[in-house]
1. What Rg and what Dmax come out for the stretch 403-503 when only alpha-carbon atoms are used, in angstroms?
2. Starting from the stretch 46-152, pick out the trypsin sites (Lys or Arg not before Pro) whose DSSP state is loop and whose Cβ has at most 16 other Cβ atoms within 10 Å.
3. How many Å² of accessible area per residue for the stretch 38-141, probe 1.4 Å?
4. When the accessible area of the chain is split by element with a 1.4 Å probe, what percent falls to carbon and sulfur?
5. Once you wrap a convex hull around the alpha carbon atoms of the chain, what is its projected area averaged over all directions, in nm²?
6. Starting from one equal scatterer on each C-alpha and no solvent at all, send me the Debye-based log10 I(q)/I(0) for the stretch 100-232 at q = 0.14, 0.19 Å⁻¹, two decimals.
7. Within the P(r) computed for the stretch 36-103, what percentage of the Cα pairs occupies the region above 17 Å?
8. Considering only DSSP states other than H, G, I, E and B, which chymotrypsin sites (Phe, Trp or Tyr not before Pro) in the stretch 115-178 qualify as loop sites with at most 15 other Cβ atoms within 10 Å?
Amino acid sequence: MLSGPVHIVYGEVGTLNEKKGSSIVQGTLLLTAANLLLRLAGMSFQVYLSGRIGAAGIGLLQLILSVKAMSFTVGSAGIRTCAMYLSAEEFGRGRPQGIHAVLAGCFQYSLTCSILSLFILWQLAPWLAENWIGGPASIPSLRVCAMILPICCLYGVMTGYFTAAGRIGDLVGVEFLEQGCAMAVTFLLLTRWAGADTGRACLSVVLGSGAAALVSYRALRFLHRGALPQEPKPQKPPYRRILRIALPLAVADDLRSGLNTIENLIVPKRLARFAGTANALADYGVLHGMVFPVLMFPAAILFSLAELLVPEFSRCAAGRRTPRIRYLVRRGLRVSLLFSLCAAGVLFAGADALGELLYHDRAVGPALRLYAPLVPLLYTDAIVDAICKGLGQQNANARYNLLTSFLDVSFLWLLLPRYGLSGYYLSFAVTHLINFCLSLRRLLRVSGARPETGLFLRALLCAGAAGWSVSLLPKAPGLRGVLLPGAWYLAVLFLLWILLRVVRWRDLLWLRGLTRRHGRRT
């Protein structure tokens, strides 16, 4: 959820600082590479877990991690973003020594909220396990999640500060350390202690993530040591500024995370009421633990672009450069749509072979093929949301997200007992389409840009034709069954795009120019 639009800005505007542009581009490329590698490592470990504990075990783990995510959101209470904003403010004012007081206040706020969240989750663990997750086997995992909340929230404060300081390389290194530590500890516990016990396997994953958070937090504290000048006189933490920024963020985050957690918890519960469901927890595990990680893996490239678009559009909006905003909106939408059509077609064409190759589960392939056509909607929505945030439309985005989350919970409650997984798919598609249409409408209204409707329709038509042509190929097992139809789809798609003028020669020259400009800067 490609750094092309960013290069457009720096290539067209001679007044922008070249060094700053080069730094931003390098940071984006670094984040993109790191995101891809981390997602690849995470997905590979998910494949190992699925083989170890099965689809039902993956479903149980996803429910536990959903509750953990909600508790973390409550415990962090907006403090990561607050630490980032306040630290950046102190840097911008030329007072780096003031960050000592900012971090002290953020640590105190974080500890207070996270300990409160710890107590709530500890007390609710038996009730959640018995009534929503599926039995007492998940109680130890939930209580370990509660115990590690404070260190996870303190780690969030440090990542906010490092982001504000522009120390992206350090953050990337620590993220690799975190991922490696989590995988190593989890693997050790799974092989030496968990055995075939699903509850112990889930607890092993939670303990691994807790150990990784502790190691990563200590690593960031070590890297932070001596980075800031000492305060001549200790200052009082800016409690009012912290509360003014963090509390509104906490309310919005808690509402959204609460609805997402409710959605995740009710899926297996309501799905079990459908007559055609044999194992609701296994079906949930296939979707959320196997299909969705594969579906969203290519989005790491667009997500890096999305992070960069927020400050870029903020600068354009502040300078009231309306023509450039419109141009960038059109380019951003085009790049995201074309890239997502490529990813969707490859996933659709190789779905069966990919599911069998990764998970050795025949249920994954059909589900992956079913959801692959939604990839353009999901990926492009991420870019639209990022541009809207850059243009100061965060409140509108929050309203749309809350509305569609509420609709999703309502639809799932009504549809799952009657239609099973078909009802889940309908709810997923409709709510994401509503969110996308609302966000796109807001973006076009604010920017004044006109969508290239004809080009988008031609691009979709070409993707449909290329996807149909894949059905003419003989099916092949294993890696060949992924690479052959994927390469055929991309070749036919690109040829059709050239013939129907979706991609023109000047677009290729533009892309070549971006590469050359970046090469000169780096």
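The values are calculated or read from the model by the stated rules, or taken from the named source; none is laboratory data. None of these values were measured; they are calculated from a predicted model. Cβ placement follows ideal geometry from the backbone for every residue including glycine, while neighbour counts extend to all protein chains displayed. Calculation scope for accessible area: heavy atoms of the full protein, side chains included, ligands and nucleic acids excluded. Shrake-Rupley method; radii C 1.70, N 1.55, O 1.52, S 1.80 Å.
1. Gyration radius and largest Cα-Cα distance of the stretch 403-503: 18.8, 49 Å.
2. 93
3. I get 40 Å² per residue for the stretch 38-141.
4. In the chain, the share of accessible area belonging to carbon and sulfur is 64 percent.
5. Directional mean of the projected Cα hull area for the chain stands at 24.9 nm².
6. These q points yield log10 I(q)/I(0) values of -0.73, -1.09.
7. Working: 1474 of 2278 pairs.
That tail contains 65 percent of the Cα-Cα pairs.
8. For chymotrypsin sites (Phe, Trp or Tyr not before Pro) across the stretch 115-178 that sit outside H, G, I, E and B with at most 15 neighbouring Cβ atoms in 10 Å, the list is empty.
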